[in-house]
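Working notes, structure below.
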Amino acid sequence: MNIEHLSQTLLTHSPALIVAVPLLGAFLTPLISRINDKLRNVFVILTAGLTGFLVLLLSYDVLINGNIHTYIFGSQDIGSPVVRILFEVDGMNAFMIIIGAILVFVAVVYSWAFMKENTGLDKYYTLILLMAAGMFGMMLTGDMFNFFVFLEITSISSCALIAFWTNKGKAVEAGFKYIVISTIGALFILLAIAILYGQYNALNMAVLADSIQYTFLDKIAFVLLIAGLAMKAGIVPMHMWLPDAYGRAPSSVTIVLIGTTQASLYALFRVCFTIYGNSLTAPLKQIGSVTITLNGLLGTFIVMLAIITIIVGVFMALKQTNFKRIIAFAAIAEIGYIFLAVGAGLWALGSDHGMMALKGGVFHIINDALDVGLLFLVAGAIYYATKETSLNRMGGLARNMKYTTIFFLIGLLAVSGMPPMNGFASKLLIYESIYLINPILAIVAILCSILLLAVFVKVFYSAFLGPKIPRFNDVKEVPKSMLIAMGLIACVIIFFGLFPDLIVNNIVEPAANALANNSNYISQIVGGS
Amino acid sequence: MITWESFLETFETGSGFWNPLIWITAIIVAFLIIYILRGYGKKEYKENTEQTKVFLSGNPEYEKEQMHIKGSNVYWGFTESLKWVYKTLDKMHTGNVSDYILWFVIIMGILFILVGVI
Amino acid sequence: MSGMSRIVKTISSVAFPFVLIYGLYIIAHGHLTPGGGFQGGAVAASGCAMILVAYGSIWTMNKIKEKHLSVFESLGAIGFIGLAFFGLIFGAVFFNNYLVGNNYFFGEVARGAANINTAGVIPLMNFAVGLKVIAGLFGIVLVMAYATSKKEEETK
Amino acid sequence: MIYNIPFIAVAALIMIGLYAVIFKRNLIKMVIGITLIESGVNLFLITLGYREGSTAPIYTNSPGGVMSLPVPQALTLTSIVIGVAVLALMLSLIIHIYRHYGTLDVRKIGREDEE
């Protein structure tokens, strides 16, 4: 078997393998950890690396060559894909799994040193791989019910991981909150799926998108789906679980949690743009000479929620003193920016600046994951070195932890959208497109971005600068595996920042096109459009 | 396919453009100018003398840990002047799971009205 | 929990094999009649839970360690996913039912409608899921009972 | 009318569940509310698959005639399995919470100050 044939085979089967490899690895981990701890760590990193390789293979083919992959489980004949469980990968899916692969790989590398002193690590690694498998499943699946199953797999494993430090009361409480929130959200999503199934006798996303009529029951399903997924994505005022969960989980878990949150975000876009894509521009009501369409209505609502999200996230972040809670509220604000762009894109669907807004929003998804992830890793590194979480008890750490400080600076500049980091390019797109819709919104967005910078300057000042505190005299730089993990993300951030045109043209644009135009996604399954 | 030239292209945003490579060149030039200007600085500055000691309007110097401004004291004025905002925000963030679900139901209700179910 | 009276212990010892056999029957016939890995596994695990209630969690913990149960659980999951991977190797598609129509495993157990060899890999997958569910559910109940009993000991 | 009763029951179950989650302060009661919502959704799925005068979708020794849809039943089963896992996880977390705080009141847990 030559190399070309092998890579072709791998490419054909990669959608299934991306989910199956972490799943198999997850259940092999407890057995391997009975042999040796180091072997288990190497095995888990290899599993994550193999998954990452498959992801790159698949997304290169989808994004650069423009193919849409479908993978039908259990059967070779493509004749009746409608009744089968299948994975469908277009530009948006391929874009999302890149984020997932980066985050999972970094989290696994980071865990080597970070979680070393904990017990029960075989369960930890099992759960983190399960979470990765669920996340990839959410991002790849083309079947509504399958999506629900993966959503629940992800939320169960991530809840167990949030409460991993069970000796801390608040961590357990945060885990309980998370499981309550995600279960109720998922149950309403299941109700919506059931309504759609009862109407159209199909669970396949493409078939649903093809046959949707936007009847009364479809409206109910639409609202349930949007509300449930928005809660999982952390939109104000349904964001309160997010600082608890992000702030109390171990940092290596938090970074994968970002990925799962964004998988819900992706599903929200999929529901909005693909499944209900055909009924978005249909006129709903006629008041005088003004025609109200669904995309205008929904776009306005989402933009309003997004502005509230940004403001609340930034203001709450300014007040917090817990390091990880600050970053969690900043993450909420960043999600607000994504929603702002997507709301603007929805509002101006089909026009040029609507497309630009969508591009900005999609680009900001990956930037948000990387920037906030890096900051969480830095917070974890500081916790590892000093065992402190509160900013009030930190100070002068830059003297002891040089590399961590540099990584924090990179994350700070990126998250607040300063040039030349990646956050600037995507925020520039968002500001410009929002300005064309309403200048006041753009001004608010820019002001909040400045406030975000102020928040992190405060963190930087009170944690890293200041006089040398005697208590931290013997604090050392964190171990190599954590530095490698942080360095990896920092390199990606700088790369994205230096070549924004390359990224936007090759990665972001196919994804934004896939969102704006759902006919390719549908015709791949239903045939002809 | 990705070519080498595509690494250098300017990022067009519709009504504006952004090229980080040009920006970095500009920043490097600016830093060079700053470095040159720094060379013209005062020659009589010497380390480890009276000049570098902490001077607090004649008050005695506190201990190191007391000197550092704590995280919750930074931006004190900002939070103080926007107390009314923070009061409402604090009222929102109760920390009860039930309230989180209540917000979820409220948003669902608003969406129901908006989409036109009710 | 420190175990119940002798009558309860004896009765549950007598009933336990029947419950277990019934659960295994449901697992084995999952592709023919209502049931399958999870349902049968839940029945069998409830039999185990009955023993746990009758004899007390500390006694049971001495007999079966939670660690061994978790090994069985991962074995079940590996069996399930491994069968799916074999589908990739033998049948060119993930989750392919490559055994259907063959006589490798069961042969002709009983001719007619209840012939067990009609579903290829599905019974094997049911066995794997059943193993996982028995081990997993029993493990959950055991650990919970043990944790709460330890709490009771502390307060006493 | 008689065929609408299951749907009314679904709505009632979900409403009661939401009421329990939102207004009850005991964690165990909240968990009960979540299971009520779950059974409501499961009932909805099962009701969708029912056809009047149908038999169970088993081909072995089937009497023939109309069968109810098997797919919603499979979905319900999956949802029940997931529900069991979620329930176990929530209850074990409640055990931990009770150990830490000695109470199950939702207003009293997680309120300790930390510097």
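Quick note: the coordinates plus some simple rules give every number you see, no bench work behind them. The model shown is predicted, which means the values in this text are computed figures rather than measured ones. Ideal geometry is used to build each Cβ from the backbone, glycine not excepted, and the neighbour counts take in all protein chains shown.
Which net charge results for the neighbourhood of A:PHE43, defined as the other residues with beta-carbon distances under 14 angstrom from its beta-carbon, given Lys and Arg at +1 and Asp and Glu at -1?
Values: positive: A:ARG34, A:LYS38, A:ARG40; negative: A:ASP37, A:ASP122.
Neighbourhood net charge equals +1.
Based on DSSP loop calls and a cut-off of at most 15 other Cβ atoms within 10 Å, the longest stretch of chain D free of exposed chymotrypsin sites (Phe, Trp or Tyr not before Pro) is what? Of all site-free stretches, the longest is D:60-115. Treating the angle as unsigned and between 0 and 90°, give the value, to the nearest 10°, between the Cα long axis of helix A:480-498 and the longest Cα principal axis of chain A. Approximately 50 degrees, to the nearest ten.
This ranking places A:ASP210, A:ASP61, B:ASP90 by how few other beta-carbon atoms lie within 10 Å of each, fewest first, which gives B:ASP90, A:ASP61, A:ASP210. Please say if chain D is rounded, prolate or oblate, where rounded means a/c under 1.5 for a ≥ b ≥ c the square roots of the C-alpha gyration tensor eigenvalues, and otherwise the choice is prolate for a/b larger than b/c and oblate otherwise? Prolate, since a/c reaches 1.5 and a/b exceeds b/c. Only Lys, Arg, Asp and Glu carry charge here, each on its Cβ (+1 for the first two, -1 for the last two); on that basis the stretch A:289-440 has a dipole of about 640 debye about its Cα centre. Couplings 3J(HN,Hα) of the stretch A:142-150, computed from phi: x, 10, 5, 5, 4, 4, 4, 4, 5 Hz, in residue order, whole Hz [Karplus 6.51 cos²θ - 1.76 cosθ + 1.60, θ = phi - 60°; x for Gly and Pro]. Sequence-ordered 3J(HN,Hα) estimates for the stretch A:344-354 from the Karplus curve with 6.51, -1.76 and 1.60 and θ = phi - 60° stand at 5, x, 5, 5, 10, 4, x, 8, 5, 6, x Hz, glycine and proline given as x.
Each residue of the stretch A:448-453 was assigned a 3J(HN,Hα) from its phi angle through the Karplus expression (A = 6.51, B = -1.76, C = 1.60, θ = phi - 60°), giving 5, 5, 5, 4, 4, 4 Hz with x at Gly and Pro.
Can you check what the Kirkwood hydrodynamic radius comes to for the stretch B:1-48, Cα pairs only, in Å to one decimal? Please list the in-between numbers first.
Numbers: mean 1/r = 0.0699 Å⁻¹.
Over the stretch B:1-48, the inverse of the mean reciprocal pair distance is 14.3 Å.
The lysines within cross-link reach of A:LYS285, meaning a Cα-to-Cα straight distance under 17 Å and a gap of 8 or more places when in the same chain, are A:LYS219.
Dipole magnitude for the protein assembly as shown: about 2500 debye, using +1 per Lys or Arg Cβ and -1 per Asp or Glu Cβ, origin at the Cα centre. Amide H contacts of D:MET67 (H built 1.01 Å from N, in plane; Pro and chain starts excluded): D:THR55 sit under 5 Å, all sequence-distant by 5 or more or on other chains.
Give the average, rounded to an integer, of partner chain Cβ atoms located within 10 angstrom of each Cβ in D:96-103. Can you show the working numbers first?
Working: counts 10, 7, 3, 8, 8, 3, 0, 0.
The per-residue average across the peptide is 5.
Cross-linked pairs A:LYS177/A:LYS232; A:LYS170/B:LYS83; A:LYS319/A:LYS458; B:LYS70/D:LYS108: Cα-Cα separations exceed 22 Å for A:LYS170/B:LYS83; B:LYS70/D:LYS108.
Find the relative contact order for chain A and round it to a whole percent, using C-alpha pairs within less than 8 Å whose residues are 6+ positions apart.
Values: 892 pairs, mean separation 84.8, N = 529.
It rounds to 16 percent for chain A.
Annotation for B:LEU89 and C:SER5: the two label points, set 7 Å from Cα along the Cα-Cβ direction, are 6.4 nm apart.
Please say if chain A is rounded, prolate or oblate, where rounded means a/c under 1.5 for a ≥ b ≥ c the square roots of the C-alpha gyration tensor eigenvalues, and otherwise the choice is prolate for a/b larger than b/c and oblate otherwise?
Judged from the Cα gyration tensor, chain A comes out oblate (a/c at least 1.5, b/c at or above a/b).
Amide H contacts under 5 Å for A:LEU284: A:ILE292, A:THR293, A:LEU294, restricted to partners 5 or more places along the chain or on a different chain, H placed in the peptide plane at 1.01 Å from N. Taking amide H as placed 1.01 Å from N in the peptide plane, C:LEU32 has no amide H partner under 5 Å among residues 5 or more places away or on another chain. Dipole orientation for the stretch A:280-519: of the candidates A:LEU498, A:VAL378, A:GLY350, A:VAL378 has the Cα lying most toward the positive pole (charges on Cβ; Lys, Arg +1; Asp, Glu -1). Of all aspartates and glutamates in the structure, the ones whose alpha carbon falls short of 16 Å from that of C:LYS150, not counting any fewer than 8 places away in one chain, are C:GLU66. The distance separating the Cα centre of the stretch A:205-253 from that of the stretch A:319-339 comes to 19 Å.
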